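Here is the structure we will look at, set down as structure tokens.
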């Protein structure tokens with residue numbers, strides 16, 4: 001391993017500029033820098049070379065792997081390409097960072113986890129929204145027991161509007177479906193607020209309005225945890241009436257969204273009956289700071305985003321859809337939780 005970790009970004013599409021984001025994120029983190037950018041579109045690698053003249057550019061993964069002068073591959077490709085190119089890099093002895101969602105299926109996620117272990121390299125997923133202020137504040141409130149034992153969580157995102165039919169995120173075979181975009185963030189938040197083992201998942205998927213869009217119009221998953229807690233997550237493109245992102249019920253109180261804060265009601269004697277708690281950011285290292293520290297000293301620095309935790313998200317996505325087809329709750333395999 002070189003003294004400074006050398007990063008290679010796979011995917012430099014213009015949408016959201018996520019490739020550029022990762023280049024800048026690595027370059028501003030001590031101990032890691034970007035040395036290569038790959039995109040099959042020559043216009044995009046030309047743009048990358050203009051913006052970052054010091055990097056090598058490639059238009060094929062085989063060519064970049066043959067060159068080999070990098071330590072970690074950062075996969076920013078569409079969702080259906082998170083598995084194959086990442087697997088090739090892991091098998092070549094490279095660390096890997098995968099954009100969320102980790103993969104489209106549990107089987108793909110498991111294969112990547114096993115490949116990382118077999119090749120003694122680090123694999124992580126860019127669940128960057130674990131650093132969001134609202135999530136981190138809510139996690140702290142629940143962990144401090146402000147509302148007692150949480151027994152029900154409701155999460156909501158969406159509205160009414162037709163997705164862009166020309167964008168890959170609207171195409172199910174590429175995106176994985178409507179749950180695989182913001183839903184992956186929501187579920188990752190949920191499973192870090194409620195870390196209990198999942199027992200089963202029930203799903204309800206609907207295609208009712210946008211006939212020329214292969215993604216679902218409305219997706220709905222219900223998770224049962226072994227603690228007895230249940231969580232209800234809905235994402236919609238056909239909801240004329242919405243609701244709050246978070247509604248959390250505990251044995252001795254409740255938490256709901258406010259404007260830059262959470263409204264917290266508690267029946268516990270050590271807490272106010274009603275209060276507003278402003279959002280506070282996550283302290284400590286950022287995503288790439290944590291990655292560098294773990295690569296250099298895995299015995300003393302744990303990954304904040306482990307691939308196993310990211311696979312839990314994929315289990316919810318996959319099993320929710322399966323349940324919608326079978327019309328029954330689908331058991332979560334213990335080893336995938």
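Quick rundown of the values:
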| read-out | value |
| --- | --- |
| Flag if residue 75 is modelled with pLDDT of 95 or more and surrounded by fewer than 19 Cβ atoms within 10 Å (Cβ to Cβ) | no |
| Hits in the stretch 1-37 - residues which are on the phi < 0 side of the Ramachandran plot, surrounded by fewer than 17 Cβ atoms within 10 Å (Cβ to Cβ) and part of a helix (DSSP H, G or I) | 15, 21, 24, 27 |
| Test: residue in the stretch 323-335 that is in a helix (DSSP H, G or I) and either at pLDDT below 95 or at positive phi (or both) | yes |
| Conditions (1) touching a residue at least 12 places away in the same chain (Cβ under 8 Å); (2) closer than 28 Å to residue 322 by Cβ: number failed by residue 70 | (2) |
| Single match in 242, 253 (criterion: surrounded by 21 or more Cβ atoms within 10 Å (Cβ to Cβ), more than 21 Å from the chain's Cα centre (by Cα), more than 30 Å from residue 333 (Cβ to Cβ) and in the same structural domain as residue 176 (by TED's automatic domain parsing)) | 253 |
| Residue 107 being under 20 Å from the mean Cα position of the chain (by Cα) and loosely packed, with under 14 Cβ neighbours inside 10 Å | yes |
| Residue 200 vs. criteria in a loop (DSSP other than H, G, I, E, B) and either over 30 Å from residue 268 (Cβ atoms) or modelled with pLDDT under 95 (or both) | no |
| Per-region count, the stretch 38-78, residues closer than 24 Å to residue 296 by Cβ and assigned to a strand (DSSP E or B) | 5 |
| Test result for residue 88, assigned by TED's automatic domain parsing to the domain that holds residue 19 and surrounded by 20 or more Cβ atoms within 10 Å (Cβ to Cβ) | no |
| Options 264, 316, 295: the member that is surrounded by 15 or more Cβ atoms within 10 Å (Cβ to Cβ), in contact (Cβ under 8 Å) with a residue 40 or more places away in the chain, touching a strand residue (DSSP E or B) at 6+ places or on another chain (Cβ under 7 Å) and not in a helix (DSSP H, G or I) | 264 |
| Test: residue in the stretch 244-258 that is under 18 Å from residue 182 (Cβ atoms), in contact with a strand residue (DSSP E or B) (Cβ under 7 Å, 6 or more places away or on another chain), outside any strand (DSSP E or B) and in contact (Cβ under 8 Å) with a residue 40 or more places away in the chain | yes |
| Conditions (1) without any contact (Cβ under 8 Å) to a residue 40 or more places away in the chain; (2) not assigned by TED's automatic domain parsing to the domain that holds residue 275: number failed by residue 106 | (1) |
| Odd one out for residue 198, checked against (1) crowded, with 19+ Cβ neighbours inside 10 Å; (2) closer than 19 Å to residue 128 by Cα | (2) |
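The values are calculated or read from the model by the stated rules, or taken from the named source; none is laboratory data. On a predicted model such as this, the values are computed, not experimentally measured, just so you know. All Cβ positions, glycine included, derive from the backbone under ideal geometry; neighbour counts span all protein chains shown.
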